Amino acid sequence: MSYLYIAYAATWLIHITYLVTVFRRYSRLKKEVEQLPRK
Amino acid sequence: MSAPSGITLVTLTKDVRLEWRSKDALNSMLFFALLVVVVFSFSFDPNAEESRVIAGGLVWVAFLFAAVVALNQTWARELRNQVLDAYRVSPAPTNALFLAKAIGNFLFVVVLEAVMTPLFIVFYKLRALGPAWQLFPVAILGTWAIVVNGTFFAAMSLRTRSREIMLPLLLFPITIPALLSMVEATTTILVGDPSTSAKFWIILLATYDVVFTTGCLALFETVLHAE
Amino acid sequence: MKKAFPILGLLTAVLLSYALYQALVVAPQEQTMGDVQRIFYYHVPSAWTAFLLFAINFLASVLYLVRRNPQTDKIASWVVIVLAVLTCIGGYAFRSALPKDVYPSSVATTGIAIAGLYFLLRKYFSEQGTDILALTTAEVGVVFCTVVLVTGPLWARPVWGIWWTWDIRLTSTLVLWLIYVSYLVLRRFSTSGETPVLAAALAVFGALDVPLVYFSIWFFRTQHPQPVIGGGGSIDPRMLHVLLINWLAFLCFAFLVCWSRYRLERMQRDVEETQALEALLEPGGHVR
């Protein structure tokens, strides 16, 4: 397969992986916020 | 200006005396470096021509790893009995403490190099074809480069988990230009090709030393007080 | 503010798609390398973006360190102004010493831009905000740097037959990557309450190291020459056009990623602070 397409795919794979980790942390944090006692 | 240098000298003398009595760091460093030399000898069995090309790299890698062994326990002794806290509270300038530690480490590593170099010469049948006297500034400037940053990062690693791993992890990337210079300078001197000169590398090493010694002195107080 | 995010996200996605189209279809095919050369349109903008992010990290780290003390803050501000002025004057005074494509006006503009950025950060970011900015730009910078280090060999292999060469650009990028990964590791493993200070000190050291890394590898390469990945020399103006479009697209993308990461970190710290307060004020009312 062409190195060109692998390179482009790899770029987006790296970016998407990072964004997924950020988003996951965000969801987990949101759940924690809901558990904080309301004052 | 006599007070800071007085403190430096006193701390330095204390460290050297303590080390001389126990010889902990010195022995472990020496043994470690010797092991590295022997293991490398098994992996490469060079004749005199080849060994001159690779010896530069091997020697400095061995010294670097041995120095890390010493640097790791630089501050450990101060942590026991809260000596480090006493330093932070005292009016003594923190730079004096840093210099004392750095110079102490420098002396230990230089002693190590002095002992290991004959061994290297024997094991790899080394003989410098270039100007051998240039090896002295390379050794001094190079060792100081490793030691000054190493002492600083060792202080930084005090407040981290996995302290022993943290020091090389922080130290190695930053010292890459210095390492490259040391290795290239040593190889140039050993191989002795008349069209090449180690001068650029020596100047680069000197620049590196000036830049980072200034940086360490400027930021050490901040790092020491970070609790 | 929050409403802008989805709109910007959509615009960025459109821009990235357009840039991709430009890179794959519109850009002319390179004579010697063929289609593989198009990796260039992702490789180079990622590198420039990573360098920009690391530069912002350096400014934020310096800012964090100097702002702890009102005296150093003032001195630092003056130093920045003086350096900017010196760059302007120096660019014109030493114009003959500049490399071929570098104009004195670019040098001056860069100096002023960096100083301007420093003061902008100083004005709009609080002390904690500066620290979060440093962390964010380091992380996102490492991500872009990883892209550079992955696309580089993927380009080198079909063109030069080797995966890696210790050429100056790839090697200095690798060292930069190593330095900033060690920065992130320090952040994660530090048990100190003053982690931001330690990390900022490390960032300053890393930045001081960068020119030394560059020169050492440059001289190493002149001693042991090897093919340069990414080629040198002049560039076809149509290719430059596509390159700049891709860079703009990736800059917008990087901005959005940084913004998200910044918001996440800010939220994280707010939650931790609230939790700490909660722990102090247990139900029953007594402060422990």
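Any read-out appearing in this document is the output of simple, stated calculations on the displayed coordinates, not a laboratory observation. In this text, all values refer to a predicted model and were calculated from it rather than measured experimentally. Ideal geometry is used to build each Cβ from the backbone, glycine not excepted, and the neighbour counts take in all protein chains shown.
Shown here: chain B, whose C-alpha atoms stretch 57, 32, 31 Å along the first, second and third principal axes, sorted largest to smallest. Each label was represented as a point 7 Å from its Cα along the Cα-to-Cβ direction; for C:LEU83 and B:VAL16 these points are 3.8 nm apart. What FRET efficiency, computed as 1/(1 + (r/R0)^6) with R0 = 60 Å and r the Cβ-Cβ distance, is obtained for C:GLU272 and B:ILE203, rounded to the nearest 0.05? Calculated transfer efficiency: 0.80.
Segment C:ILE112..C:LEU10, full-extension length gain: 33.5 nm, with 0.36 nm per residue of separation and the alpha-carbon distance subtracted. Placing unit charges on each Cβ (+1 for Lys and Arg, -1 for Asp and Glu) gives the range C:42-228 a dipole about its Cα centre, and among C:ILE168, C:THR222, C:LEU202 the Cα reaching farthest toward its positive end belongs to C:THR222. Under 5 Å between amide hydrogens, built in the peptide plane, is the criterion, and for B:THR160 it picks out C:THR191 among residues at least 5 positions away or on other chains.
Based on DSSP H segments of at least four residues, each scored -39500 (n - 2.57), chain B has a per-residue ellipticity at 222 nm of -28500 deg cm²/dmol.
If you plug the beta carbon distance of C:ALA97 and A:TYR26 into 1/(1 + (r/R0)^6) with R0 = 45 Å, you get a FRET efficiency near 0.35. Each of C:TRP218, C:TRP164, C:TRP177 has some number of other Cβ atoms within 10 Å of its Cβ, and from fewest to most they run C:TRP218, C:TRP164, C:TRP177. From least to most packed, judged by other beta carbons within 10 angstrom and beginning with the fewest, B:VAL211, C:VAL66 follow the order B:VAL211, C:VAL66.
With +1 on each Lys and Arg Cβ and -1 on each Asp and Glu Cβ, how big is the dipole of the protein assembly as shown about its Cα centre, in debye rounded to the nearest 20? Walk me through the numbers on the way to the answer.
Details: 43 positive and 34 negative charges, 215 e Å.
Its charge dipole is roughly 1040 debye.
Say the dipole of the range B:2-225 comes from +1 at the beta carbon of Lys and Arg and -1 at that of Asp and Glu; which of B:ALA206, B:GLY130, B:LEU79 then lies farthest toward its positive end? Going by the charge dipole, the pick is B:LEU79.
Site pair C:HIS224 and C:GLU194 shows an inter-label distance of 4.2 nm when each label is modelled 7 Å from Cα along Cα→Cβ. Between 0 and 90 degrees, the angle of helix C:70-93 with respect to the longest Cα principal axis of chain C falls at about 20 degrees.
Separation of the range C:25-73 from the range A:1-31 is 19 Å, based on Cα centroids.
For the range C:1-124, a simple Cβ point-charge model (Lys and Arg +1, Asp and Glu -1, everything else neutral) yields a dipole of about 620 debye relative to the Cα centre.
Per residue of C:214-224, other chain Cβ atoms within 10 Å of the residue Cβ number 4 on average. The H on the amide N of C:ARG68, modeled in the peptide plane, is under 5 Å from the matching H of no residue at least 5 residues off or on a different chain.
The calculated Kirkwood hydrodynamic radius for the range C:42-228 is 18.1 Å, given to one decimal from all distinct C-alpha pairs. Helix C:237-280 axis versus longest C-alpha principal axis of chain C: approximately 20°, rounded to the nearest ten. Projecting label points 7 angstrom from Cα along Cα→Cβ for B:VAL38 and C:LEU280 puts them 5.8 nm apart.
Each helix, a run of at least 4 DSSP H residues, gives -39500 (n - 2.57); summed and divided by the residues of chain C, these come to -27000 deg cm²/dmol at 222 nm.
The alpha-carbon atoms of the range B:41-142, seen along their principal axes, cover 57, 29, 17 angstrom, with the largest extent given first. Overall shape of the range B:111-182 was characterised from the C-alpha gyration tensor. The equivalent ellipsoid obtained from it has semi-axes of 29, 14, 10 Å, in decreasing order.
Charge dipole of chain C (Cα centre as origin; +1 on each Lys and Arg Cβ, -1 on each Asp and Glu Cβ, all else neutral): 380 debye, rounded to the nearest 20.
Distance from the C-alpha centroid of the range B:177-205 to that of the range C:94-136: 34 Å, rounded to the whole angstrom. The largest-to-smallest principal axis extents of the Cα set in the protein assembly as shown are 77, 69, 51 Å.
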